[in-house]
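Every number in this text was worked out from the coordinates using simple rules, so none of it is lab data. As the structure is a prediction and not an experimental result, all values here were calculated from the model. Don't worry about glycine lacking a Cβ; one is built from the backbone with ideal geometry, like all the others, and counts go over all protein chains shown.
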Amino acid sequence: MVRIIHRGDIIHVIMSSVAGIYILQQVDTKIDRSKKRIAEINSVLDDNSAVVEALRQLQEASDLMDSATKKHAGVQGEIDIVASKYENGEKRLYSGTVTNPKELKDLQDQGEALVRRIAELEDAKLEAMIVEEDCKEGLEGANRNHEVALHERKVLEMEMDSESTTILDDIERLEGEREVALNSIPDELINRYELARSKYRGLAVALVDDGMCSGCGLGVSTGHVQAARSGSRIVTCDNCNRFLYVK
């Protein structure tokens, strides 16, 4: 049996097909945009450099603090040793047990040298204390910066996770809309659409706006515009070869 299809039915099928791939393209564009945003979010989350750098600076500040503390302690330890020697020398000098003039002179000279050394060490101690205080402030600042970096990272992850969840829900909904759109389009036209979309960076169907192809920007002949509007046949742009659709 031969099935007779009236011309009006054919035009309706063609118009539905072109409108269908236009709708499909809109859905695919939204899906692509959503997937691109998901990739951007993943890239942002993969970049943990701010926290890593803050931790590096904190470790560096901690090492400097340890070094400054050891330096201060070392100078203080040397002061204690020299001061002890000085006290012992002074005790011997004034104990009355040393009567030899030369030995007394040596004790006096040694005491004076130790006093000078203590003065030098006290200056070094003051410098060490200043450095230690600076390192302490640096460590406190680095610790604050690290805490801020961790907090900002946590907030960022929460925001990105929330946005990702919303986008993934949107993609799931759009995939459903895509299936509906596919059902109205012949397989052969879907294949042509997919090839064109791949070739033209996602824009397989171009709107005709004021006689111009929105894909390449060049003019479309009146005949093509009328054919695309009437739905008598599937029309492509003579310049860029995209499908033409007239709303």
* Asked: Which links in LYS85/LYS136; LYS35/LYS154; LYS70/LYS91; LYS35/LYS247 stretch past 26 Å when you go from one Cα to the other?
  -> LYS85/LYS136; LYS70/LYS91; LYS35/LYS247
* Farthest toward positive dipole pole in the range 6-121 [+1 Lys/Arg, -1 Asp/Glu at C-beta], among ALA68, GLY96, ILE41 -> ILE41
* Asked: Magnitude of the Cβ-charge dipole of the chain, K/R +1 and D/E -1, about the Cα centre, nearest 20 debye?
  -> 1740 debye
* Structure fact -> In debye to the nearest 20, the charge dipole size for the range 48-180, taken about the Cα centre with +1 at each Lys and Arg Cβ and -1 at each Asp and Glu Cβ, equals 1460 debye
* **For the range 48-180, Kirkwood radius (reciprocal of mean inverse C-alpha pair distance, Å)** => 20.4 Å
* Would you give the gap between the C-alpha center of the range 178-203 and the C-alpha center of the range 22-67, rounded to a whole Å? => 33 Å
* Asked: Taking the highest mean first, how do the peptides 157-165, 17-25, 121-129 order by number of other beta carbon atoms within 10 angstrom per residue?
  -> 17-25, 121-129, 157-165
* Net charge near VAL75, counting Lys/Arg +1 and Asp/Glu -1 over other residues with Cβ under 11 Å of its Cβ? -> -4
